[in-house]
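The values are calculated or read from the model by the stated rules, or taken from the named source; none is laboratory data. Note that this is a predicted model, so its numbers are computed, not measured. Heads up, the Cβs are rebuilt from the backbone with ideal geometry, glycines too, and the neighbour counts pull from every protein chain shown.
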Amino acid sequence: MVEIAADVTHPQGYIRYSRTVAVTRLVLVGGLVGLLAFYTTPRIAALGLVEFVLYLALLAASELARRSQDGPAAVRRLRRQADALMVLLVANACALAAAISLHDGGRLRVEAALLAICVLLFAALRAHQGRLSYVVGVAPPAATLIWLALEESGVATLGVDALAMCLFVGAVLVVTWRQQASDTALGRVAQDLRRKTLALTHAADEAREAIGARSRLLAATSHEVRTPLNAVLGFAQALRRQPLAPTQDDLARGIVDGGEQLSRLLDGILAAAEGEKGAARLDLAPFDLRQRVQGVARIWREAAAAMGVELLLVDDTPEVSFDIVADGAKIELALVTLVAGALKVTPSGGRVRIRLAGLARGGRLGVLLEVADTGPAMSFLDRARAFEAFGETERGRQSGDSGLALARSSANVVLMDGEMGVETPPEGTGAVFWFAFNAPAHMAPSSLHPTVARRLRVLAAEDNAANRRVLEALLGHLPVDLVFAEDGAQAVSVWRGGCFDLILMDANMPVMSGVDAVRTIRAESGGTGRPPIWMLTANVSDEDVAAYHDAGADGILRKPIDSVALFDLLAEVSNALDPR
């Protein structure tokens, strides 16, 4: 932003300018008064003292304007006062110069001329104040200088000194008059810059508000989507534990795979939104990458068949375990992005191939995932632009792809210290998109369903009827006595009247929220009889998680419910109560 102090067209800038002029001139005139008192008469020194007092009055007027609460009115008043004081200052200074020139037979005439020159320059520098102020200010010192020159050389002879002085005065007037035009133009530029700066600031505020509104919308949408998705997944998982025909089991497995992938993609979208705010991070957890890739292939195979495209999965290293610790949501999002893009450009009768390969080394696993298609070939320039947001490629124009998804996926892979690229296959048609990364290997547990050693009494606070049925279906085969509460206040009341081994607490509930209910239970239970409390909620942003822990929650289970995580928690609580 332009420094306001340098812009005299700005109210605060004018006040600072006037104050600076007064302070600097007071120092100079104070020294001049001392010299006049020593070398000249008291009358001449008195004229110098008058000059000092006038500058002191200008400083006082500037200070009053600076401290005024009504800025515009204070500046208008200061302008009038400064103009009046300038007339008095110039007139007094010219009288002082004339008196000095006549003192002691003209011995100090050069000093008098220098004083008049200083007065002329001071008045001329106020050209930005207006034409009338300029003329009133420069006329007396200009006339004084010409009079001093004529007195030196004589009016009749018009000597060299008089001509030189006239040329000097003329040059000063021409230069400062032009300065007035440039000052006016610079003032307009400064005002325009301030207007644009204010407009940009306003636009930035609106953009921040829009980002905040979008984040709130995403959070609300996440909650609204996860609630019914929790019911779909929970019932499908419970259904798979029933005796089913092979076809029925395959359909139920498809529901589970699709629901879990939808949940992970939702996590990826929310994480991408956080990344745009500068908070991109990895959510590391153990999972089986092979099963995850197989699930993606299974879900997209039906969509590919409907488009007349064959979708194949090639496992190049079946002997390698793909149990790793990584950000499964980001990996799956990258793979889905590549598969969806390949299907868009592959014509009917074509083929899309997913290839999985791994290399175990020193407790880590190097992973390579490829998606090859038989769509149009990519030029060298298109390959270079493929991972740029809004990068214009021929394939992108054909499929209506802006490149944002690829750019986001590439950024996620880089966040995992990996790399994403694209190549042209040897046959010269289609493209092979790939990404590679390294991840720590993970020893999978020997049993996916840990046993619950003793019967547990569990209080579940859940206001949604479908979600209560899901919990009943998931835990119906376990030694668990479920007691439900439909809001936070009811949960606190039920807890007061019974003894529970575990509390599962929803966050958004009527009457009393889950967070307030946890805080109340913790406050009343004190240091004894603390049952573990786990939040079972769809609200799992960083801010939400921090609020849960601050209230006293021991952990978080997210919706849709991960049945394995829920069973692990029950087994852990059971073992803690009945250690073997």
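Do we have G30 as free of Cβ contacts under 8 Å to residues at least 24 places away in the same chain and either of a type outside the set (S, T, N, Q) or assigned to a helix (DSSP H, G or I) (or both) here?
Here the answer is yes, as G30 does meet what is asked.
Just wondering, is there one or more residues in region 411-424 that are among the β-branched types (V, I, T), under 19 Å from A231 (Cα atoms) and in contact (Cβ under 8 Å) with a residue 60 or more places away in the chain?
Within region 411-424, not a single residue is among the β-branched types (V, I, T), under 19 Å from A231 (Cα atoms) and in contact (Cβ under 8 Å) with a residue 60 or more places away in the chain.
Return the residues of region 264-311 that are at pLDDT below 75 and either of a type in the set (V, I, T) or touching a Leu at 6+ places or on another chain (Cβ under 7 Å) (or both); say none if nothing qualifies.
Across region 264-311, the qualifying residues are L265, G268, I269, L270, A273, A280.
Got a number for residues in region 558-579 being in contact (Cβ under 8 Å) with a residue 12 or more places away in the chain and either part of a loop (DSSP other than H, G, I, E, B) or surrounded by 18 or more Cβ atoms within 10 Å (Cβ to Cβ) (or both)?
Count: 13.
Restricting attention to region 50-95, report how many residues are outside any helix (DSSP H, G or I) and in contact with a helix residue (DSSP H, G or I) (Cβ under 7 Å, 6 or more places away or on another chain).
Of the residues in that region, 1 qualify.
Given the conditions (1) more than 23 Å from M416 (Cβ to Cβ); (2) acidic (D, E); (3) surrounded by 17 or more Cβ atoms within 10 Å (Cβ to Cβ), which single one is not true for E332?
It fails just one condition, (1).
Conditions tested, residue by residue: (1) touching a residue at least 40 places away in the same chain (Cβ under 8 Å); (2) in contact with a strand residue (DSSP E or B) (Cβ under 9 Å, 6 or more places away or on another chain).
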{"residue": "L456", "(1), (2)": "yes, yes"}
{"residue": "E462", "(1), (2)": "yes, yes"}
{"residue": "D487", "(1), (2)": "no, yes"}
{"residue": "F500", "(1), (2)": "yes, yes"}
{"residue": "T520", "(1), (2)": "no, no"}
{"residue": "I533", "(1), (2)": "no, yes"}
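With the structure loaded, tell me whether V50 is under 15 Å from L88 (Cα atoms), of a type in the set (V, I, T) and surrounded by 15 or more Cβ atoms within 10 Å (Cβ to Cβ) or whether it fails that test.
yes
Take the residues of region 399-422 that are among the charged types (D, E, K, R) and at pLDDT 90 or above: which is farthest from the chain's Cα centre (by Cα)?
Among residues in region 399-422 that are among the charged types (D, E, K, R) and at pLDDT 90 or above, the one farthest from the chain's Cα centre (by Cα) is E419.
Taking the options Q242, Q261, name whichever one is surrounded by fewer than 19 Cβ atoms within 10 Å (Cβ to Cβ) and in contact with a helix residue (DSSP H, G or I) (Cβ under 9 Å, 6 or more places away or on another chain).
Q242
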